[in-house]
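The values are calculated or read from the model by the stated rules, or taken from the named source; none is laboratory data. Please read all numbers here as calculations on a predicted model, not as lab measurements. Backbone-built Cβ (ideal geometry, glycine too); neighbour counts: all protein chains shown. Note: areas computed on protein heavy atoms with side chains; ligands, DNA, RNA excluded. Shrake-Rupley method; radii C 1.70, N 1.55, O 1.52, S 1.80 Å.
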Amino acid sequence: MKLSVLEGLRARAPEWTDTGTLQRELEASPAEVLGAVAALRADGYEIEERPDGLRFAGVGERLIPYEITRALSVDVIGRRVVVLEQTNSTNDVAWAEALTGAPEGTVVFAEEQTAGRGRMGRRWHSPSRRNLLLSVILRPALEAGQANYLTVTSSVAVAQALRENLPLLARIRWPNDITIKERKVSGILVEGRTLATGAAFVLGVGMNVNMRPEDYPPELRGIATSLMIETGAPVPRIEAARWLLASLDRWYRDLRFGDYGRIARCWRRLSSTLGERVVLVENGREFRGRVLDLSMEDGLIVRLDEGVTRLFHPSTVTLRQLPHRAGLKPEDQSLK
Ligand code: BTN
């Protein structure tokens with residue numbers, strides 16, 4: 001009844017819907033229609049009311065599972081969507097769901113996390129209802145130790161989604177940051193485990209959508225950004241969730257079909273790290289050099305200043321990228 005009332009009102013919006021007509025159409029009593037309207041408002045829908053009618057006025061600020069999935073055509077990622085008002089970490093919720101047999105492609109969103117986590121045990125902060133915080137259950141034909149394939153694939157998917165839908169010249173800073181003009185807009189955290197049924201993964205994505213500069217702690221202001229800061233206008237989060245899931249699903253299809261070549265080509269093209277001078281810290285030791293290549297399997301291939309070429313795995317190093325000579329890469333100049 002709830003969805004029939006919603007779609008009945010939406011079909012006529014911005015016109016008013018006569019309440020009697022709606023009741024007849026749906027063969028519903030006045031109490032049933034009013035009950036559905038109350039439930040829709042509780043979900044976050046904006047529905048206006050006057051003595052003889054009702055009007056659909058929008059979806060408001062909150063993430064609503066039905067709104068994310070209703071116009072979404074996907075194979076796997078987003079087949080099932082859950083939204084929590086608050087949780088510790090969506091990655092933890094997704095793991096709990098994965099362990100009790102939730103289907104692959106289940107997506108858990110949260111409006112707020114009390115213990116959101118990033119790579120290397122860092123915290124991921126996000127004020128309530130401002131951003132996108134989500135985790136996806138995945139069961140590809142990979143081993144638990146091959147989580148990097150998913151980090152690469154999803155970083156391409158996130159960057160491409162921003163380029164195609166806003167459009168913003170998003171790039172990938174190895175290993176898991178999505179940046180715009182060298183400021184971080186999104187981070188990816190993939191965790192893999194070997195279960196009795198095979199390897200399972202949880203892909204966590206945090207995307208700064210409607211953060212204002214003053215929402216960041218001072219130490220992050222110069223290095224983080226948001227879609228709103230970059231586009232100059234608030235970005236509807238439901239739409240962003242939809243195009244993000246569509247892009248993740250599309251690139252995950254390539255991974256499932258073993259089309260690593262296409263993923264790797266796009267990854268290199270979008271990389272802001274390839275060819276750059278970097279400082280890498282591994283077990284407290286600092287290494288300086290230039291990035292020669294990126295490997296999905298092994299990590300970063302670096303020509304160190306002392307002349308040797310070495311491999312750095314994302315699980316053991318942190319990277320500091322030295323500023324590009326002109327401050328911005330050629331492709332980013334158009335964003336100035
Ligand atoms: C990073 O940049 O280090 C990765 C950040 C990943 C944050 C997201 S927010 C949703 C999901 N739940 C978490 O606890 N972490 C990821």
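Before moving on, here are some points about what is shown:
- Three-way shape label, region 269-319, alpha-carbon gyration tensor, a/c 1.5: oblate
- Here the peptides 148-158, 48-58 are ranked by packing, the mean other Cβ count within 10 Å, and the order with the highest first is 148-158, 48-58.
- For region 175-277: rounded, prolate or oblate by the Cα gyration tensor [a/c cutoff 1.5]: prolate
- For peptides 130-140, 24-34, sequence by mean Cβ density within 10 Å, most packed first: 130-140, 24-34
- The slack between residue 257 and residue 308, meaning 0.36 nm per residue of separation minus the straight C-alpha distance, is 14.7 nm.
- Under 5 Å from the amide H of residue 46 lie the amide H atoms of 57, 58, 59, 60, each residue being 5 or more positions distant or on a separate chain, with H modelled from the backbone and absent for Pro and chain starts.
- Within region 275-311, the GluC sites (Glu not before Pro) that combine a DSSP coil assignment with at most 15 other C-beta atoms in a 10 angstrom radius are 297, 306.
- Rounded to 10°, Cα long-axis angle of helix 90-99 versus longest principal axis of the chain: 80 degrees
- Relative to its Kirkwood radius, the Cα radius of gyration of the chain gives an Rg/Rh of 1.04.
- Calculated P(r) of region 2-59 - Cα pairs past 18 Å, %: 18 percent
- Computed FRET value (nearest 0.05) for residue 32 with residue 197, which takes r as the C-beta separation and R₀ as 45 Å: 0.55
- For the chain, the dipole from Cβ point charges (+1 on Lys and Arg, -1 on Asp and Glu) about the Cα centre works out to 1280 debye, to the nearest 20.
- A simple charge model with +1 on the Cβ of Lys and Arg, -1 on the Cβ of Asp and Glu and nothing else charged puts the dipole of region 138-216 at about 140 debye relative to its Cα centre.
- The chain: angle of helix 237-256 to the longest principal axis, Cα-based, in degrees nearest 10: 50 degrees
- Farthest positive-ward along the chain dipole, Cα basis, beta-carbon charges - from 224, 197, 299: 299
- Here the Kirkwood formula, the inverse mean of 1/r across different C-alpha pairs, assigns region 108-232 a hydrodynamic radius of 15.1 Å.
- Bridge orientation summary for region 43-189: considering DSSP beta bridges with both residues in this region, about 75 percent are antiparallel.
- Cα lying deepest toward the dipole's positive end in the chain, options 128, 40, 29, charges on Cβ: 128
- Rounded to the nearest 10 degrees, the inclination of helix 30-43 to the longest alpha-carbon principal axis of the chain is 20 degrees.
- Placing +1 on the Cβ of every Lys and Arg and -1 on the Cβ of every Asp and Glu, with nothing else charged, gives region 2-59 a dipole about its Cα centre of roughly 80 debye.
- Stretch gain in nm, segment residue 265-residue 16, where the contour uses 0.36 nm per residue and the Cα spacing is subtracted: 84.5 nm
- Percent carbon-and-sulfur accessible area, the chain, ignoring ligands, DNA and RNA, probe 1.4 Å: 50 percent
- Ranked packing of 240-246, 218-224, most packed first, by mean Cβ within 10 Å: 240-246, 218-224
- Ordering 105, 156, 289 by Cα displacement along the dipole of the chain toward the positive end leaves 289 in first place; charges were set at the Cβ atoms of Lys, Arg (+1) and Asp, Glu (-1).
- Note on residue 128 and residue 212: the extension gain reaches 28.9 nm, defined as 0.36 nm multiplied by sequence separation minus the Cα-Cα distance.
- Debye-sum result for region 10-102 in log10 I(q)/I(0), which assumes one identical scatterer on each alpha carbon, at q = 0.21 Å⁻¹: -1.08
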